[in-house]
Amino acid sequence: MKNFLIVLAGVVLVGCGGAKKAAATASSADYGYTESNPIKVGGVNDGPAQERAYLNRLTGPNGEKVTYNRSGSCCPFETKNSAWGGMLDVYVVEIEGDPVKKKLYLNMYDKGDLYAPKGFLFK
């Protein structure tokens, strides 16, 4: 089995030849955790479904189960993908066994590269 390390645009992908797949973790500590750096899932017509699909891919740092609840919207912003502008959706996310709840900001209007926020991995 060969180990490999790939660096793309500041994102480090680490894995080994026999692994299922390498997980892309955000290099920015505030990715998803702040309104100024939200997770851009895109999908204007199916935005809520895109948000859930993204959140359903998350696991804890050791594969723990993740649960989430939408706590509301905030933070109006300009976007070319909505005639009325956009609002971020805020989710409270819990990792099984971790008492600290995390708050993630998702943008359902604009698309961007998707990463797992710090402290999370993708399934």
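The values are calculated or read from the model by the stated rules, or taken from the named source; none is laboratory data. These numbers come from a predicted model, not from an experiment. Virtual Cβ from ideal backbone geometry, glycine too; neighbours counted across all protein chains shown. When the accessible area is computed, the model is the full protein with side chains, heavy atoms only, and any ligands, DNA or RNA have been set aside. Shrake-Rupley method; radii C 1.70, N 1.55, O 1.52, S 1.80 Å.
I'd like to check one number: the per residue accessible area of region 26-120, probe 1.4 Å, reported in Å² as a whole number.
Result: 55 Å² per residue.
Working only with C-alpha atoms, what are the Rg and Dmax values of region 48-123, expressed in angstrom?
13.2, 42
Are there any GluC sites (Glu not before Pro) in region 15-123 that are in a DSSP loop and have at most 16 other Cβ atoms within 10 Å? List them by number.
Counting only loop positions with at most 16 other Cβ atoms within 10 Å, the GluC sites (Glu not before Pro) in region 15-123 are Glu35, Glu64, Glu78, Glu96.
Quick one: length gained pulling Ala53 to Asn81 fully straight, 0.36 nm per residue minus the C-alpha distance?
Using 0.36 nm per residue and subtracting the Cα-Cα distance, I get 8.1 nm.
Just how much of Val44 is accessible, in Å², when a 1.4 Å probe is used and the result is rounded to the nearest 10?
We get 70 Å² for Val44.
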